[in-house]
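The values are calculated or read from the model by the stated rules, or taken from the named source; none is laboratory data. Note that the coordinates shown come from a computational prediction; the quantities given were computed from them, not determined experimentally. Here the Cβ positions follow ideal geometry from the backbone for every residue, glycine too, while neighbour counts run over all protein chains shown. Surface areas here come from the heavy atoms of the whole protein model, side chains and all, with no ligands, DNA or RNA. Shrake-Rupley method; radii C 1.70, N 1.55, O 1.52, S 1.80 Å.
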Amino acid sequence: MIDLTLSWDWLTIAPVDCAVDGCGPIETLESEFRFMTTVHAIIPHHQGKDMLEVCLVSLLSAHGVDLRVVLVRNGGDEDLPEIVETEDRILVVESDKPLGFSEANNLGVRFAHESLGSADYYYFLNNDTESDSGALRKLVASLEESPGAAIAGPRLMIQWAREHLNSLGL
C-alpha cells in the first residue's frame, strides 16, 4: 500500500504496512518530484501603474502551473502597485534606462535564471495584458502535447470589445 501525501508543488510517496504499527509508515523512503510545470513570466514595465496592477492580479490567478513573475522595471520612476511588495511570487529587476521589449525580456530571463533557477517555460507579456486564469495552463498543455513545438501564443482579444480578436499573440 502506498500513502500519498500532497503538498503545494511536491508529491511525497512513503510505503506503509497496515499489519505493522496500525497503518503507519514502516520506513521513510521519501521520493519527491515536481508535478507542476514551472513557468517564469517576464513583464517589462515602464509606466502605467494601474494597467500593471490589472496585469499582475489576473496573471497571479493562473492555476495548474508553478508561476513566478519577474517584473522588469524598465527605466520608469513611478511607484509600483502594492501587490509587487506583498506578493512573494513577484520579483523585480531594475534597469536604469528604458530598454526595448526584447532587451528587457532578456534581462528578465537572466535575472529569473539567476534568482529562481531554470523554468520549464517562459511567458512573455506586456504590462497592459489581462490574463484568463486558465490560459497559461492551456498554453503549457499545448506545448506538452506537441513536443516539436517551440512556441505557443495566446489568443489576444480587444480589451474594450472582448468578443473581437486582436491577434493570435505571436
Between the range 49-105 and the range 123-151, the alpha-carbon center distance in angstrom: 17
Counting DSSP beta bridges with both ends in the range 64-170, the antiparallel % (nearest 5): 35
Expressed in square angstrom to the nearest 10, the accessible area of M51 with a 1.4 Å probe stands at 90
Would you mind getting me the FRET efficiency between E87 and L156? Use the beta-carbon distance for r and R0 = 25 Å, nearest 0.05. 0.55
By how many nm would the segment from H113 to A141 lengthen if fully extended, with 0.36 nm per residue of separation less the alpha-carbon distance? 7.8 nm
Please list 87-96, 52-61 highest first by mean number of surrounding beta-carbon atoms within 10 Å per residue. 52-61, 87-96
Of all accessible surface on the range 76-170 at a 1.4 Å probe, what whole percent is carbon and sulfur? 48
Within 12 Å, Cβ to Cβ, of V70, how many net charges do the neighbouring residues add up to if Lys/Arg are +1 and Asp/Glu are -1? +2
Column: log10 I(q)/I(0), Debye, Cα scatterers of the range 51-170, q = 0.12, 0.13, 0.14, 0.16 Å⁻¹: -0.47, -0.56, -0.65, -0.86
Per residue accessible area of the range 61-157, 1.4 Å probe, in Å²: 58
If r is the Cβ-Cβ distance from D132 to D77 and R0 is 25 Å, what FRET efficiency results, to the nearest 0.05? 0.20
Using just the C-alpha positions of the range 42-120 as equal point scatterers, what log10 of I(q)/I(0) does the Debye formula give at each q in 0.14 1/Å? -0.43
Packing-ranked peptide list from 106-112, 130-136, 70-76, highest mean Cβ count within 10 angstrom first, is 70-76, 106-112, 130-136
